[in-house]
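As structure tokens, the structure follows; a few thoughts come after it.
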Amino acid sequence: MPDISMVELVQQVLGGLATGAIYACIALSVVMIYQAIDHFNFAQGEMAMFSAFITWQMIDWGANYWVAFFVCIALSFIGGMAIERIIFAPLRNAPVFTHIVVFIALFQIFNAGAGYIWEFTIREFPSPFPERLPFDTTLIGPHDLGMMAVVLIMLGLIFLFFRFTPVGLAMRAAAAAPDSARLVGISVGMMLALGWGLAAAIGAVGGMMIAPVVYLEPNMMLGILLYGFAGAVVGGLTSPGGAVLGGFMMGVIEPVAGMFIGSELKLTVALVVIVTILIFRPSGMFGRVVVQRV
Amino acid sequence: MTTSTLPDTEMKSGGAPRRANPADRLRVFGVSLPWIRRVSILIGLALALFLPFYMEGFGVFQLTQVLYLSIAVLGLNLLTGFTGQFSLGHSAFMAIGAYTAGIMMDQWEVPYYLTIVPAGIVCFAAGFLFGLPALRLEGLYLALATFALAVAAPQLLKYEHFEPFTGGVQGLDLLKPDSPIAFLSNDQWWYYFSLFFGVLLFIAAWNLVRGRTGRAMIAIRDNPIAASTMGINLSLYKSVTFGVSGIYCGVAGALSAIVVEFIAPESFTFIFAILLLIGMVIGGIASIPAAIIGGAFILYVPNFSEMAVDFFFGGDPASKALVWISFGAAMIIVVYIMPMGVAGFVKRNLRRLAR
């Protein structure tokens, strides 16, 4: 076993938590869509990447970072709703696999589209956080810390939105019992579109946060998407909090596994851990166990 | 056993009375549906037999690729379409099949035609064993577990301790002898070699699905709890289906290794598993002939988009990206027009024409 000092381990864990924040972001947006439509959105990462490119373009044209940040969130929200209205609304009664193919198609279109518009070169993406932390530490960088803060704040806002606002309640109702929701006057189609919009906006924040770390390019999201999915599934697809925790967990498991086993097989090890968790908890750690009736 | 005197039941020797499918009595332009089915199978077989004589070498090579891709899509369809078990990991079974054949040819100098069956057997074992822990998982959770398999496979193949066998990142170069039949070119010989296994496996799938086993599989897909109360052993059927699905992918993998003469870990990434899934959905879920359409779609449509983009945009370097945009768009358009895949589309329109 390689020599591992305690400081190194703490650094790896904290760094893992920071990347985990991004996985958590993607996991959260995946769970949002899953809650609304019961499917996985394979194109989530690519949508986030596309949003980050839009922000980059606005900053390149001379916009202020925060202006670009919020304009991009708004645009992603509208874009997400548009995808639901234009592409998925007509296919609502198609089988699940048809939806999956559309997700894969969207994945390719966004990925290649970004490559076509902005080329496949690697670009720097600015970080909104200060260069130096107000206190001295070598354990964690300012961007990592800021990223974690942003994700936790966002999670809090989403929790409040679903718990205390009428729209949030209506969205939950539409997802849980579409027919009953319709009877009490909720437009289920509109709620689905809203869910897509929200998910796209959350993904966009994730994209803009991770872009300074991995640099901006059309393929930047692939690995992150995989871990985000894994986080969502391990945490439980019906639990937003679980998804966030799962995301953080994935962030920590991977580098720590890399330290002990070597970086060649670290992805494999991470996946073995997931499958093991799933064998003991088939609905994820915090997922609701659904009792079926014939 | 009761003997029924209903007019539309026929007796099968030794079996229970079988009620004729009422849909079989429908006619399209005066031809009944079973005859349409028979004639189209014959036309398909005739095309499969004679097409290679009218094509160039590369065209035949592509047809051979369509053959083994169809076998793999069929394997996935048996598991996903008929038994309802989601898999994103079938590229791994293909990799196992390809490497079994490859290592046998490369290390032990086994002749190529003796590697297909062992590849199938090894993949049956692999599929059955993987099916056991996967029993507890359903839907997307199963998708993730199989996905883990697909991601792990290329990494394990590259792993340094296996390198003497697998050739590591470099992969294995395989040499195969020339066509043993004088009037067939090499490409044509490999085509017929693959066709033989393809036809065999398609007939096997047909028999499997139409019998008692197939009904049990479909029952498990439609309602697992009801199926188990009917006395169907869920764990056994699910894991055996995983194994059988593994056989198909293993044979497909072995054929690909023999035909392409080269295997490398990067040929079997999860992207390949996703392509198989696309082929299955576009062809039509839970349909056997659809596997051929699916195999052809995943081979020809990307090539075709490339040609179309080349034609319209010329040598623009950015046009590489347009190929994938148009492949994505082609997928969405097909799904829009035919939400149940090509097979579902044909079936529905035949029923519509029927009277």
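The values are calculated or read from the model by the stated rules, or taken from the named source; none is laboratory data. None of the values given here were measured: they were computed from a predicted structure. Ideal geometry is used to build each Cβ from the backbone, glycine not excepted, and the neighbour counts take in all protein chains shown. The accessibility values were calculated without ligands, DNA or RNA, using every heavy atom of the protein model including side chains. Shrake-Rupley method; radii C 1.70, N 1.55, O 1.52, S 1.80 Å.
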Inset, instruction - Could you rank the peptides A:218-227, A:71-80, A:112-121, A:192-201 by their average count of other C-beta atoms within 10 Å per residue, with the highest value first? - result: A:192-201, A:218-227, A:71-80, A:112-121
Inset, instruction - Just the Kirkwood number for the protein assembly as shown, please: inverse of mean 1/r across all distinct Cα pairs, in Å, one decimal. - result: 26.7 Å
Legend entry - Residues in the stretch B:99-138 occluded by at least 10 Å² - accessible area, probe radius 1.4 Å, against chain by itself: B:P133, B:R136, B:L137, B:E138
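Calculate the mean, over all residues of peptide B:341-348, of how many other protein chain Cβ atoms lie within 10 angstrom of the residue's Cβ.
Partner Cβ neighbours, averaged per residue: 1.
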Legend entry - Relative packing of peptides A:185-191, B:321-327 - highest average C-beta neighbours within 10 Å first: B:321-327, A:185-191
Inset, instruction - Could you pull out the chymotrypsin sites (Phe, Trp or Tyr not before Pro) across the stretch B:30-112 that fall in loop regions by DSSP (anything but H, G, I, E, B) with no more than 13 other Cβ atoms inside 10 Å? - result: B:W108
Inset, instruction - Would you please report the Å³ per residue occupied by the convex hull of the alpha carbon atoms in the stretch B:264-317? - result: 104 Å³
Inset, instruction - Compute the accessible area per residue over the protein assembly as shown, keeping the other protein chains in place, probe 1.4 Å, unit Å². - result: 47 Å²
Legend entry - At least 30 Å along the helix axis (C-alpha) and Kyte average at least -0.5, DSSP helices within chain A: A:6-37, A:96-118, A:142-164, A:188-214, A:240-261
Legend entry - Estimated Rh, the stretch A:6-280: Kirkwood, alpha-carbon pairs, angstrom: 19.2 Å
Legend entry - For peptides B:272-279, B:187-194, sequence by mean Cβ density within 10 Å, most packed first: B:272-279, B:187-194
Legend entry - Carbon plus sulfur fraction of accessible area for the protein assembly as shown, probe 1.4 Å, in percent: 67 percent
Inset, instruction - Compute the length gained on full extension between B:L132 and B:V31: take 0.36 nm times their separation in residues and subtract their Cα-Cα distance, giving the result in nm to one decimal. - result: 31.7 nm
Legend entry - CD proxy at 222 nm, helix term only [per DSSP H run n ≥ 4: -39500 (n - 2.57); per residue of the protein assembly as shown; nearest 500]: -23500 deg cm²/dmol
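Taking each residue of B:149-158 in turn, how many C-beta atoms of other protein chains fall within 10 Å of its C-beta, and what is the average?
The mean count of partner-chain Cβ atoms within 10 Å per residue comes to 3.
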Legend entry - Under 5 Å, built H, 5+ apart or other chain: amide partners of B:R27: B:R355
Inset, instruction - Compare the Cα positions of A:M190, A:I73, A:L152 along the charge dipole of chain A (+1 at Cβ of Lys, Arg; -1 at Cβ of Asp, Glu; about the Cα centre) and return the one farthest towards the positive end. - result: A:M190
Legend entry - A/B buried area, accessible surface, summed, 1.4 Å probe, Å²: 4000 Å²
Legend entry - Using alpha-carbon coordinates, inclination of helix B:139-158 to the longest axis of chain B, degrees: 30 degrees
